[in-house]
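The values are calculated or read from the model by the stated rules, or taken from the named source; none is laboratory data. What you see is a predicted model, and the numbers here were worked out from it, not measured in a lab. Glycine also receives a Cβ, built like all others from the backbone with ideal geometry; neighbour counts cover every protein chain displayed. These area figures cover heavy atoms from the full protein model, side chains too; ligands, DNA and RNA do not enter into them. Shrake-Rupley method; radii C 1.70, N 1.55, O 1.52, S 1.80 Å.
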Amino acid sequence: IGIRPMLYDDWTVVPNQWACIIGRPGVMKSPAVTAALKPFSRLEAKAALAFQSEKKIWDTEADEREMRAAARKQQMGKLLRESPAADVSHLRAPHEQEPSLRRYKAVDSSYQALGELLRHNSNGVLVHRDEIMSLLRSLDREDNAEARGFYLTGWNGADNYVFDRIGRGAN
């Protein structure tokens, strides 16, 4: 969602919410944060139930998907052997995507893992850090220049950050 504050301009502002609670130890910051994050916990619990249901159906239908794919492939082969120019577009597999868990919040993640979370959750996630100074100090270190670039690029919610690395994959 974006806001275009100027009538004849394509300048777009993506609304984001940033919050920081500051106080000395013992001034009851944690209960306030817990209360503020409660709606996210409810959303995540609801999403987990939906994911479990969708994943169970996906797993149950695995054999059927494989058999349908094999039958389509066999039928395509038959049609193409008879006529190499035959139209087999109606036999292409429908795009089916394995269900993924909708995430609403990340607490302690590397910037790479956060990038992966954002790739699967295009509406964004809340990044919650209990100690903002630990994040800021870590970003200030020279060996975290990539993380700093990631956070600076993504702070406004409108810019893209593309990871082009080979990795082991997510759990």
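Name every residue in region 59-117 that is among the basic types (K, R) and closer than 30 Å to F150 by Cα, in order of residue number. Write out each step before concluding.
First, pick out the residues of region 59-117 that are among the basic types (K, R): 65, 68, 72-73, 78, 81, 92, 102-103, 105.
Listed by number, the residues that qualify are R102, R103, K105.
Residues that are without any contact (Cβ under 8 Å) to a residue 60 or more places away in the chain, within 22 Å of Q52 (Cβ to Cβ), among the β-branched types (V, I, T) and open to solvent by 40 Å² or more (accessible area, probe 1.4 Å) occur in region 102-113; there is at least one. Using the structure shown, decide if E61 is of a type outside the set (K, R) and closer than 30 Å to T153 by Cα. No; evaluated as a whole, the condition is false for this residue.
Here F163 passes the criteria (1) in a loop (DSSP other than H, G, I, E, B); (2) open to solvent by 80 Å² or more (accessible area, probe 1.4 Å) except the one numbered (2). Just so you know, in region 14-39 the residues that are open to solvent by less than 60 Å² (accessible area, probe 1.4 Å) and in contact with a Lys or Arg (Cβ under 8 Å, 6 or more places away or on another chain) include one that is farthest from L117 (Cα to Cα), and it is G23. Looking across region 118-138 at every residue that is touching a residue at least 12 places away in the same chain (Cβ under 8 Å), under 8 Å from the mean Cα position of the chain (by Cα) and outside any loop (DSSP other than H, G, I, E, B), the one that is nearest to G157 (Cα to Cα) is identified as L118.
Among the residues making up region 78-103, those that are part of a loop (DSSP other than H, G, I, E, B) and within 30 Å of K56 (Cβ to Cβ) are R92, A93, P94, H95, E96, Q97, E98, P99, S100, L101, R102, R103.
Quick check: anything in region 59-68 surrounded by 12 or more Cβ atoms within 10 Å (Cβ to Cβ) and either touching a residue at least 60 places away in the same chain (Cβ under 8 Å) or in contact with a Lys or Arg (Cβ under 6 Å, 6 or more places away or on another chain) (or both)?
The answer is no; no qualifying residue exists.
Could you look through region 4-13, keep only residues that are within 22 Å of D159 (Cβ to Cβ) and part of a loop (DSSP other than H, G, I, E, B), and pick out the one that is most open to solvent (accessible area, probe 1.4 Å)? By that ranking, first place goes to R4. Checking A71, A62 one by one, the residue that is over 23 Å from the mean Cα position of the chain (by Cα) and over 26 Å from N121 (Cα atoms) is A71 and no other.
From the list E66, E44, which one is modelled with pLDDT of 90 or more, under 26 Å from E131 (Cβ atoms) and not hydrophobic (A, V, I, L, M, F, W, C)? Spell out how you get there, then give the answer.
Numbers: E66 fails: under 26 Å from E131 (Cβ atoms).
So the residue among E66, E44 that is modelled with pLDDT of 90 or more, under 26 Å from E131 (Cβ atoms) and not hydrophobic (A, V, I, L, M, F, W, C) is E44.
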